[in-house]
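Student: What follows is a single structure, and I will ask about it in a moment.
The values are calculated or read from the model by the stated rules, or taken from the named source; none is laboratory data. Computed from a predicted structure; not experimentally measured. Because the Cβ atoms are built from the backbone with ideal geometry, glycine has one as well, and the counts that use them run over all protein chains shown.
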Amino acid sequence: MENKMNRRRFLETTSLLGGSLLFAPSFSIAGSLKSDVKPARLGGAKAHPKGFQSWPIYGRSEELALVNTLKTGKWGRLDGNTTATFETEYARMLGVKHSLGVSSGTAALYSMLGALNLGPGDEVIIPVYTFVATYNVVTLNYALPVFVDSDIETFQIDARKIEPAITSQTKVIMPVHIGGLPADLDTILNIGKKHNITIIEDACQAHLAEWRGKKVGSYGLGGAFSFQSSKNLNCAEGGAITSNNEEFIQRCYAFHNQGQGGARTSFAVGGEGTRGVNMRLTEFQSGLLLAQMSRLEEQARIRDKNASYLNKALSEIPGITPAKLYDGVTMGAYHLYMFRYDPSHFAGMSREKFLEALSEEGVPCSAGYGSMNKSEYVQKLAANKHYLKIYGEKAMKEWLERNECPQNDKLAEQGVWLLQYMLLGSREDMDQIVEAIRKIQKYAKQLNK
Ligand SMILES: *Cc1c(COP(=O)(O)O)cnc(C)c1O
């Protein structure tokens, strides 16, 4: 809740002026300030005065998609065929055999867990540094979410700590490609194989990210994508499941369609579990997605290029450590641009003060995720009467103890995020982000007074 609120407030307070997608020539001299302008907080001019690329980006193709769907009178997936077309195109774009459009990223995860008949007594391994939806889909099934600590260097689940978290009850390992950067899939897939545990990828932030040249969402039994308005592919609210397993995608279809297969599948009743909901995507959303997809690959290239540039430039600033990529990462989706901030290189200035000063330079930023394992969600789940009935008081107490994540506690204090649309700017925009941070560092003592 808190993170979602932060994200919303972040978006509201961001000035969304138009910007160019073209790369401007760069005049910055690496390692030094371009000028001796003071930070905005101390009366200087903003390092980034003109605002970033606005989001969403749309035009005539989106307008046509919506109006055309309206005029057909076929507005739902059971009426028209735009959703089926979207699914074919999305599967092609990701290099998977099957895709299923659903009403949200949460719905994608929930449908997959429903198709697997997850339930009370089962355990699901998830990273602690993630959006709360990853956790919620587990507790909706009265299953136990088991947190694995973060790799502070990459912000991802620490794959080396997954194996010790496995028990005889572990049914699913659900890595998240946080920020749109792939988690360590080699290690995770090997663990899944060794222990015969299903891997479901939460790729909700990772459209077109690649691991060893193949798109994420194609490695696990299934992948979940979100098309919520902040995400790199946007239709207001929406999601998709990707899979190379036809039986699995059919079970997902049935689950998301009230447990009914219809034309798509012979599974008459909601997968294994005889359960189902309505989480269907509408034709309007699918039309919008097809239009937005025509922009996605170029946008992804620009984000990746700008992020690589920032990675290099910001690494040269003492006290700023961009999220590292695993060796297997061949493309980052950069839903978030994440780095760690060390106050000791900024005259002891707290992260909160740093975030304020950076925002005042015209660079919107936030602190990112906290320690979900210590949140109210977790505290209240340990006291939830249904959980106490299913697992017992002792097991719920032990669960709280199992959830210690000391590395993530550090990460939660050090993280700084920039958002994906900022990476759609020019090289000059990137230089000004770097300039803003250098200014703050140079004047840290005065700023920290
Ligand atoms: C956005 C997101 C979700 C949920 O997607 P919605 O479309 O908002 O339901 C799940 N997991 C992660 C990591 C996300 O970022």
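Student: As an exercise: evaluate residue 189 against (1) crowded, with 23+ Cβ neighbours inside 10 Å; (2) of a type in the set (A, V, I, L, M, F, W, C); (3) more than 16 Å from the ligand (Cβ to nearest atom) and give the number of the one condition it does not meet.
Tutor: So residue 189 meets the others, but not (1).
Student: Check 217, 239 and return the single one that is surrounded by 24 or more Cβ atoms within 10 Å (Cβ to Cβ), within 16 Å of the ligand (Cβ to nearest atom) and on the phi > 0 side of the Ramachandran plot.
Tutor: 217
Student: Write out, first by first residue and then by second, each pair whose Cβ atoms fall under 7 Å of each other, whose residues are 6+ apart or on separate chains, and whose first residue, in the range 324-335, is without any contact (Cβ under 8 Å) to a residue 40 or more places away in the chain while the second is part of a loop (DSSP other than H, G, I, E, B) and not acidic (Asp, Glu).
Tutor: Partner pairs satisfying both residue conditions: none exist.
Student: Considering the range 192-214 alone, what residues qualify as being in a loop (DSSP other than H, G, I, E, B) and more than 9 Å from the ligand (Cβ to nearest atom)?
Tutor: Matches in the range 192-214: 196, 197, 207, 208, 209, 212, 213.
Student: Among (1) among the polar types (S, T, N, Q); (2) touching a helix residue (DSSP H, G or I) at 6+ places or on another chain (Cβ under 9 Å); (3) modelled with pLDDT under 95, there is one condition residue 299 misses while meeting the rest; what is its number?
Tutor: (3)
Student: Which condition number does residue 144 fail, the rest of (1) surrounded by 24 or more Cβ atoms within 10 Å (Cβ to Cβ); (2) within 16 Å of the ligand (Cβ to nearest atom) being met?
Tutor: (2)
Student: Give the range 363-397 a look and list any residue that's touching a residue at least 12 places away in the same chain (Cβ under 8 Å), small (Gly, Ala, Ser) and part of a helix (DSSP H, G or I), or say none.
Tutor: Once the filter is applied, which keeps residues that are touching a residue at least 12 places away in the same chain (Cβ under 8 Å), small (Gly, Ala, Ser) and part of a helix (DSSP H, G or I), the range 363-397 yields only 382.
Student: Can you tell me which condition residue 136 does not meet? The list is (1) surrounded by fewer than 21 Cβ atoms within 10 Å (Cβ to Cβ); (2) assigned to a loop (DSSP other than H, G, I, E, B), and all the others hold.
Tutor: Checking residue 136 against (1) surrounded by fewer than 21 Cβ atoms within 10 Å (Cβ to Cβ); (2) assigned to a loop (DSSP other than H, G, I, E, B), the one that fails is (2).
Student: For residue 127, only one of the following conditions fails: (1) free of Cβ contacts under 8 Å to residues at least 60 places away in the same chain; (2) more than 16 Å from the ligand (Cβ to nearest atom). What is its number?
Tutor: Going through the list (1) free of Cβ contacts under 8 Å to residues at least 60 places away in the same chain; (2) more than 16 Å from the ligand (Cβ to nearest atom), residue 127 breaks only (2).
Student: Something else now. Look through 58, 110 and report the one residue that is in contact with a helix residue (DSSP H, G or I) (Cβ under 9 Å, 6 or more places away or on another chain) and crowded, with 23+ Cβ neighbours inside 10 Å.
Tutor: 110
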